[in-house]
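Comments concern the structure below.
The values are calculated or read from the model by the stated rules, or taken from the named source; none is laboratory data. Note that the coordinates shown come from a computational prediction; the quantities given were computed from them, not determined experimentally. Here Cβ is always computed from backbone atoms with ideal geometry, including for glycine, and neighbour counts include all displayed protein chains. These accessible areas exclude ligands, DNA and RNA; they are computed on the full protein's heavy atoms, side chains included. Shrake-Rupley method; radii C 1.70, N 1.55, O 1.52, S 1.80 Å.
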Amino acid sequence: MLLQLKNIFKWVQQGGQRVFLLKDINLEVEEGEFISIMGPSGSGKSTLLNVIGMLDTFDEGEYDFLSESVHTLKEKYRSNLYKEYIGFVFQSYHLLDDLTVEENLEMPLLYKKIKSSERKALVADMLDRFNIVGKKDLFPTQLSGGQQQLVGVARALIGKPKLILADEPTGNLNSQQSEEIMALFKKLNEEDGVTIIQVTHSEKNAEYGSRIINLLDGRKI
Amino acid sequence: MFKNYIKIAWRSLKKQAFFTFLNTFGLAIGMAGALMISLYINDELSYDKMFADADRIYRIDADIKFGGAEIKAAESAPPMAGALKRDYSQVESTVRFRTLGSMYVKKVGSETSSKEDRVTYADSTFFEFFGIDLLVGNSKSALTGTNSLVLTKTAAEKYFGSTDVLGQDLLLDNSDTYTVTGVIDDMPKNSYFNEYSVFLAMAGNVGSREELWGSNNYFTFVKLIPEARVEDFQAPLQGMLERYMLPWAQKYFPGMTAESFAASGNYIRYHTIAFTDIHLHSDRSSEMNATSSMQNIYILSFIGLFLIILASVNFMNLSTAHSLKRAKEVGVRKTLGSNKMNLIFQFLTESGLIAFISLIAALLITMITLPFFNGFTGKSIAIPFSQPLFWLLLFAATILLGFFSGCYPAFFMSRFNPVKTLKGGASESVGNGRVRNALVIFQFSISVFLIVSTLVVFQQLNYIQSKDLGFTKDQVLLINEISPLGSKTNAFKEEILKMGNVENVTLSNFYPTPSWRSDTSFFQEGTKSQENAIQMQTWDVDMDYLKTLEMDVVAGRDFNKQYASDSTAIIINEATLPILNVTAQEALGMRISEEIDMENPSYYTIIGVVKDFHFKSLRENIGALGLHVENNAENMAVRLSGGDYSKSIAEIENIWNTMAPGQPFDYQFMDEAFYSTYNSEQKLSQIFFIFTILSIFIACLGLFGLAAFNAEKRTKEIGVRKVLGATVSQISYRLTVDFLKLVGVAILISLPLGWFAMNKWLEDFSYRIEIGFGVFVLAAVLAIMVAIVTVSYQSIKAAIVNPVKSLRSD
Ligand SMILES: Nc1ncnc2c1ncn2[C@@H]1O[C@H](COP(=O)(O)OP(=O)(O)OP(=O)(O)O)[C@@H](O)[C@H]1O
Ligand SMILES: [Mg+2]
């Protein structure tokens, strides 16, 4: 098992009241799964994804990742765990505008303290694999949305994570670009055995996955 | 990784050019200011350390109270040096100086002479004592012969065109011929002997060999043996009083004992001051060279520190404000696996880089401005490029500054929550700016404090310059060194009096301008005891003195040629009356004498009392003074009645040239001579002024950046308000008023501090201003105006933006 959420609650205080963002979420994810999270806007999809991605905290419950209990880990270990195993893809790409495509890809490797020669090789591989060698010296603003998301996916993958978390990865893309990205996810999942959890509003995209989780008002239904 | 940090830092700095510029510029100015101040202080602290054995050299000072006057003497009696060497085994060697002020020097046979400003007799031990090497000549024998002298290199080249001048003759003040027996390098600028160019052998000074313990005219230095501790020397030094001073005094005051001397409230306290301490710590009234004070060093250090802190605070403020733009980047980096440490390092690299760019800019600024700075401080400070220690300190300071300035923004930004920042809720992460507000208040407090200080210093100087001094210092031309006129002196005076715009002319050696003067003891007719000695200055003047300087007689009369007896008349000032314990009217007709011990002492009769006039600095009270007629003047004062001064001067110079051909004509205006007393205050006020401007400028840079940021942050709000019908002036008012509140708080904090600090400073003056309410109002108004000007540009700019644009951009 890759990860397990047990009775996760998350809330915020508003006007003296608890407003629940996540309510009693239980979830087990096996390695190699491809899961889609669906639900109306404001139902807590992004919140859940961020909790799984350790970007956000929760208030109650337990979270085990590769049999480490995340909720008891210190920030430093959590950050290490995260660096090692998780890659994020965002709806609005979130590439670093000051860096070229190549440098954006290199960034996670730098944080993982990988040696320069190895970094070069990995970046070159990735550029090759995503067919963006010609774009390596361009800055994000010089790319189309689809191309930017391609770089975003490549960047999430470069550290060879076990788990990719994608929050509406195709939300800003047209249907053709969207299909390309989904096909890529499917291929990664099937050929490389990468576990993927994506948030999506599109039934069509959800079908690429093997399992669908529906959320409503922070509760799994 | 580090290389990567640098690369990223460089790019983001380049991208945010405006922000980088504000930051760099502010830091660079702060650093340049601090660097210059450091160099200045370093120079001040380096005084006299270059001499060999400087750490074992001390000067003998004495605090003397005798007959009403207290003297803080830097000079000792002529036999002091010899006695010290004889009596104390700790004393390895001694040297004495007797300064002669300026002298006219010329090569024998040459027509024109030129003025050497600093000439002194020196003992023959001079060179060995201070470890000074002679360029030519023998250090042991150079200053042994009666009429031998040693020149500095510059002086030698001036008179002979080379330093190969052994055996050449020079004529001093047109009367004495001296033979050059040695040449030394010019005295270092940062030394006590700076600008001394002619050293005469002490052998030629008869007084130096006399057993006169009553006159203190010789700067006396001792060098202790290496094993000696100065503390062990201090106490026994006091023994000089009983061994030498009292036995000598008993010749004149028979029956005086140590007890009766002390009982009458008199004292002589000997002590030592370390040679290297003289420049900054000496409190003596006369010195061989202008000294400075630690107070100035402290004030300057504070200002330097202020500047750096201001610039650094600017940096923090701008960076945290700017972090809004970087929030997303922080979020993304965190999702890419960056931990807090990585981010902190990244931001510190950026601030380090800015600090180094600023350093380069600061060095350039310093190089450009240093000549001006040297010009007005009278120093010759250079950036010590070739000294590794300088670079080491500079780099260390820069790194420290980068770290200090970057720390808060780095920690601040590294704390950003990735989820929030990526959602675009960055302004939330940037916070409500409480810290930033506090920093703005802090900056403006310093600026307002400096404004208050500057105003007070200016006011005090203005007060000094416009104060009723008891005489009129304006429009008086002082002609120095008229001795070359010889017997033609009176003819010269008559000629000048004939000139149309000359009101009066007087001849005297004494003017109420800074110069070295000493007190003499006088005794009232009938007293026989030294307890009743009156310590007063006596000035030799001519009959026209009071008229020329426009001094008032409050009782009795001025000198008058009609009375032959006026040659033994004396006019005293009001300050003498309490010592005589009489009223002005009672004083008239009293007789006083210097010669208590003689059978038939010669008396001066008091014929008048002159209204007190300031002849010392306004830092001191007016002391007792007597004026009597004597014909030995070396200076002349001419009161002009206005008109074209330069024409009058040229006319006087013409007369001079016919009566004293070939002799230098040296003059100055009395008010200038007067102001030179306040040189250190003048300089202080200039320094205050410059650095106040700098600090305000830096604070404004920061405010400008913050206003820009604030306007940007509120673009959307402004857009909405405009759509709802707010006018441009309403909006710019809203944006401006927030900042003015901060400036208001700063004013409230700094005004009391300024009041307190400046009152402390004013305590040094016997005659001083009261700090008025106006100063505070002016400082407050200035600060507010500067803030309005700085902020309103951004506010108006933001307010006139088309709302459609700003709303769409969000
Ligand atoms: N910091 C917060 N404070 C208060 N409420 C919050 C906070 N963060 C999220 N919420 C609320 O939690 C709920 C879930 O938000 P979340 O972003 O997870 O929704 P979502 O399902 O991803 O919606 P969408 O499809 O629009 O992206 C929303 O109602 C949101 O208003
Ligand atoms: Mg969402």
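Values for this structure:
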{"item": "Lysines whose Cα lies under 27 Å from that of B:LYS106, excluding same-chain neighbours fewer than 8 positions away", "result": "B:LYS115, B:LYS140, B:LYS153, B:LYS158, B:LYS189, B:LYS488, B:LYS493"}
{"item": "Under-5 Å amide H pairs with A:LEU216, H placed in peptide plane, nonlocal only", "result": "A:ILE221"}
{"item": "Burial of 20 Å² or greater, the range B:403-419 residues [accessible area, probe 1.4 Å, versus chain by itself]", "result": "B:PRO418, B:VAL419"}
{"item": "Distance between the range A:148-165 and the range B:92-143 - C-alpha centres, whole angstrom", "result": "85"}
{"item": "Among A:THR195, A:THR170, A:THR100: highest mean-square fluctuation, GNM of chain A, C-alpha pairs under 10 Å", "result": "A:THR100"}
{"item": "Acute angle (nearest 10 degrees) that the helix B:773-799 long axis makes with the longest principal axis of chain B, alpha-carbon atoms", "result": "30"}
{"item": "Listed residues A:SER178, A:SER69, A:SER92, most fluctuating in chain A (Gaussian network, C-alpha, under 10 Å)", "result": "A:SER69"}
{"item": "For the range B:99-142, alpha-carbon Rg over 2.2 N^0.38 Å", "result": "1.44"}
{"item": "Lys pairs under 28 Å by Cα in the range B:315-455, provided they are eight or more residues apart or on distinct chains", "result": "11"}
{"item": "Enclosed volume per residue, in Å³, of the convex hull spanned by Cα atoms of the range A:3-220", "result": "132"}
{"item": "Range in chain A, longest, excluding exposed trypsin sites (Lys or Arg not before Pro) [loop by DSSP; at most 11 other beta-carbon atoms within 10 Å]", "result": "A:116-221"}
{"item": "Solvent-accessible surface (1.4 angstrom probe) belonging to B:ASP552, in square angstrom, nearest 10", "result": "80"}
{"item": "A:GLU60 long-range amide H proximity, modeled H, under 5 Å", "result": "A:PHE9"}
{"item": "Chain B - percent of accessible surface contributed by carbon and sulfur, probe 1.4 Å", "result": "57"}
{"item": "Normalised alpha carbon radius of gyration of the range B:614-735 [divisor 2.2 N^0.38 Å]", "result": "2.27"}
{"item": "Inter-site label distance for B:LYS158 and B:THR605 at 7 Å from Cα along Cβ, in nm", "result": "4.8"}
{"item": "Tail weight of P(r) past 35 Å, computed on alpha-carbon pairs of chain B, percent", "result": "62"}
{"item": "Residue-averaged beta-carbon neighbours from other chains (10 angstrom radius) around A:99-105", "result": "2"}
{"item": "Residue-by-residue Karplus 3J(HN,Hα) for the range B:347-358, coefficients 6.51, -1.76, 1.60, Hz, glycine and proline x", "result": "5, 5, 4, 4, 5, x, 4, 4, 4, 6, 4, 4"}
{"item": "Shape call, the range B:28-122: gyration tensor on alpha carbons, a/c limit 1.5", "result": "oblate"}
{"item": "Helix-only mean residue ellipticity at 222 nm for chain B, each DSSP H run of n ≥ 4 adding -39500 (n - 2.57), per residue, nearest 500", "result": "-16000 deg cm²/dmol"}
{"item": "Solvent-accessible area per residue for chain B (1.4 angstrom probe, square angstrom)", "result": "44"}
{"item": "Length gained when the stretch B:PHE372-B:LEU212 is fully extended (0.36 nm per residue, less Cα-Cα span)", "result": "52.8 nm"}
{"item": "Sequence of B:HIS281, B:HIS628 from largest to smallest accessible area, 1.4 Å probe", "result": "B:HIS281, B:HIS628"}
{"item": "Calculated FRET value between B:PHE18 and A:LYS115, using beta carbons and R₀ = 51 Å, to 0.05", "result": "0.85"}
{"item": "In degrees, nearest ten, helix B:294-335 long axis to first principal axis of chain B (Cα)", "result": "10"}
{"item": "Residue order for B:TRP248, B:TRP391 - accessible surface, 1.4 angstrom probe, largest first", "result": "B:TRP391, B:TRP248"}
{"item": "Cα coordinate range in the protein assembly as shown, projected on the principal axes (Å, largest first)", "result": "132, 66, 60"}
{"item": "Hull volume in cubic angstrom per residue (convex hull over the Cα atoms of the range B:476-677)", "result": "135"}
{"item": "Value of Rg/Rh across the range B:68-265 [Cα atoms, Kirkwood radius]", "result": "1.04"}
{"item": "Taking the convex hull of Cα positions in the range B:267-356, its mean projected area over all directions (nm²)", "result": "10.6"}
{"item": "The range B:584-649: GluC sites (Glu not before Pro) in DSSP loop, at most 12 other beta carbons within 10 Å", "result": "B:GLU599"}
{"item": "Where GluC sites (Glu not before Pro) fall in DSSP loop in the range B:101-210, at most 13 other Cβ within 10 Å", "result": "B:GLU111, B:GLU210"}
{"item": "Among A:LEU110, A:LEU49, A:LEU22: highest mean-square fluctuation, GNM of chain A, C-alpha pairs under 10 Å", "result": "A:LEU110"}
{"item": "Burial of 50 Å² or greater, the range B:1-15 residues [accessible area, probe 1.4 Å, versus chain by itself]", "result": "B:MET1, B:ARG11"}
{"item": "Dipole magnitude of the protein assembly as shown, debye to nearest 20 (Cβ charges: Lys/Arg +1, Asp/Glu -1, about Cα centre)", "result": "5620"}
{"item": "In the range B:644-744, GluC sites (Glu not before Pro) in a DSSP loop with at most 12 other beta-carbon atoms within 10 Å", "result": "none"}
{"item": "Helix axis angle, A:116-129 relative to chain A longest principal axis, alpha carbon, degrees", "result": "90"}
